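*Asks:* One structure, as structure tokens, below. Some questions next.
The values are calculated or read from the model by the stated rules, or taken from the named source; none is laboratory data. As the structure is a prediction and not an experimental result, all values here were calculated from the model. We work out accessible area using only protein heavy atoms, side chains counted, and drop any ligands, DNA or RNA first. Shrake-Rupley method; radii C 1.70, N 1.55, O 1.52, S 1.80 Å.
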Amino acid sequence: MPLKLVLASLILGGIAATSKADTSRVTLQSGQSIVQANASLTASGWRPAPERPVLNFEKTLSGTDLRALASCSGTGSGFCRYDYQRDGQRLFVVTVADGAQPQKAGIVTQWWTEP
């Protein structure tokens, strides 16, 4: 009997671990417009979650009015970060200004999730 309980807990624990890992899956592509990425993310349940209101210059630098905008660098390559959350996970997406059209929305360069 105890062996059955141990096996059952291992199986259920494995299922729970698999489900948790699945929530962090993100389908993005480097070079994708943040506008396209935002539409894909929100359609799959990710919600905007910046920790503070953005400053006016950050809105201007981002070239968007996306609610997920968290911050933008005022110098250099024009990096901006967009923050999302879903199922207890946080997702951070970094964009860089499009060199050909810096006034337009940025392109995705990297992203990561955190618990």
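*Asks:* When the Debye formula is applied to the Cα atoms of the range 24-109, each taken as the same point scatterer, what base-10 log of I(q)/I(0) results at q = 0.12, 0.21, 0.25 Å⁻¹?
*Replies:* The Debye formula, applied to the Cα set alone, gives -0.30, -0.92, -1.27.
*Asks:* Under the Karplus relation 6.51 cos²θ - 1.76 cosθ + 1.60, θ = phi - 60°, what is the ordered set of whole-Hz ³J(HN,Hα) values for the range 52-61, x standing for Gly and Pro?
*Replies:* 8, x, 7, 7, 4, 5, 5, 4, 5, 5
*Asks:* Now, a different point. Which number do you get for Rg(Cα) / (2.2 N^0.38 Å) in the range 38-82? Write down the numbers at each step before the final one.
*Replies:* Numbers: Rg = 10.9 Å, N = 45, 2.2 N^0.38 = 9.3 Å.
This ratio for the range 38-82 stands at 1.16.
*Asks:* Per 0.36 nm of contour for each residue apart, how much would the distance between Trp112 and Thr42 grow if the chain were fully extended, relative to their Cα-Cα spacing?
*Replies:* On the way: separation 70, 0.36 × 70 = 25.20 nm, distance 1.61 nm.
This chain segment gains 23.6 nm when fully extended.
*Asks:* Keeping the other protein chains in place, figure out the carbon and sulfur percent of the accessible area of the range 41-98, with a 1.4 Å probe. Walk me through the numbers on the way to the answer.
*Replies:* On the way: 1500 of 2970 Å².
Result for the range 41-98: 50 percent of the exposed heavy-atom area is carbon or sulfur.
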